[in-house]
Amino acid sequence: MPGDWSADSDTASFATISAGAAIAAYSFLGFDAVTTLTEETVNPRRTVPRAIMLVALMGGGIFVAVSYVTQLVHPGGVFEDSASAASSIALQIGGELFGAVFLAGLVVAQFASGLAAEASASRLLYAMGRDSVLPKAVFGRLSAKYHTPVANLVITGIVGLIALFLDVATLTSFINFGAFTAFTLVNVSVVFHYVRQRLAGQQLNPVSYMVVPVIGAIICAYLLSQLDSNAITLGVSWLVLGVLVVGAGRAQDRAVAGAERGAGD
């Protein structure tokens with residue numbers, strides 16, 4: 001019966017909805033990628049926040065509309081092959097011709113998304129290398145010919161090849177692990193900033209700098225806990241590897257600085 005969800009009431013629990021939301025959040029990722037190009041932006045304090053909001057609002061509107069139409073065409077979320085669900089729905093909507101056009105557009109969009117990810121990730125790695133957060137000799141160097149962080153582009157591309165060995169659900173959860181971890185820590189950082197500014201005698205809005213970030217951190221941490229167990233294991237392993245790389249970079253920089261001071265003496 002249309003509109004009757006009583007048959008699915010046993011699966012429509014808060015836990016299942018939260019688990020679905022933890023994966024669906026992948027659709028909204030990328031709105032913050034523009035921040036990695038802040039140093040190349042004209043008037044970034046004004047332009048970048050507006051760009052983030054516009055991307056989030058426009059993307060959110062598109063996702064809501066597409067999700068609504070998808071549910072009209074294919075009610076429920078069960079597919080024979082979840083990896084090709086989009087193509088299957090396109091075939092249902094417009095047949096072979098529309099399916100072919102949709103597939104071509106999907107390929108172009110994937111390439112565009114990949115280029116954006118390469119640009120933002122390599123730029124972020126360069127900034128971290130330049131500031132000695134990551135080993136400067138590798139991540140903080142620009143190509144003399146192209147004036148771009150070529151090593152970072154290659155590293156990002158190689159890491160991206162991991163996608164070839166993961167299914168869609170695990171890959172999505174793995175990406176979301178990094179996103180939710182980052183978003184949680186960003187909210188926590190805002191709270192620490194508020195506390196430090198208060199101790200320094202500066203008054204900030206407690207709602208914007210305390211209440212909202214705490215709620216955001218709790219929500220992100222909860223959604224993080226709802227991800228696929230394999231993705232969490234892979235994400236934690238990747239996080240540990242990152243900590244080790246950062247620690248090795250810091251140790252190397254301290255050794256170089258000590259050697260330079262010794263030579264100066």
State all residues of the range 197-253 that are of a type in the set (S, T, N, Q) and assigned to a helix (DSSP H, G or I); if no residue qualifies, say none.
197, 208, 225, 229, 230, 233, 237, 252
Out of 159, 73, 168, 107, sole residue that is touching a residue at least 60 places away in the same chain (Cβ under 8 Å), closer than 28 Å to residue 227 by Cα and β-branched (Val, Ile, Thr)
168
Which pairs turn up if I take residues in the range 247-260 that are under 14 Å from residue 129 (Cα atoms) and look for partners that are open to solvent by less than 40 Å² (accessible area, probe 1.4 Å) and polar (S, T, N, Q) with beta carbon separation below 6 Å, at least 6 apart in sequence or on another chain?
253/132
Filtered residue count, the range 16-62, keeping only those that are hydroxyl-bearing (Ser, Thr, Tyr), touching a residue at least 24 places away in the same chain (Cβ under 8 Å) and open to solvent by 40 Å² or more (accessible area, probe 1.4 Å):
2
Matching entry among 232, 215, 219 (being open to solvent by 80 Å² or more (accessible area, probe 1.4 Å), under 12 Å from residue 180 (Cβ atoms) and among the β-branched types (Val, Ile, Thr)):
219
I'd like to check which helices (runs of 4 or more DSSP H) are fully inside the range 77-178 and have at least 1 residues that are of a type in the set (S, T, N, Q) and open to solvent by less than 40 Å² (accessible area, probe 1.4 Å).
85-130, 150-160
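The values are calculated or read from the model by the stated rules, or taken from the named source; none is laboratory data. Keep in mind the model is a prediction, meaning the values are calculated, not measured. As a convention, Cβ positions derive from the backbone with ideal geometry for all residues, glycine included, and neighbour counts pool all protein chains shown. Surface accessibility is based on the protein's heavy atoms, side chains included, excluding ligands, DNA and RNA. Shrake-Rupley method; radii C 1.70, N 1.55, O 1.52, S 1.80 Å.
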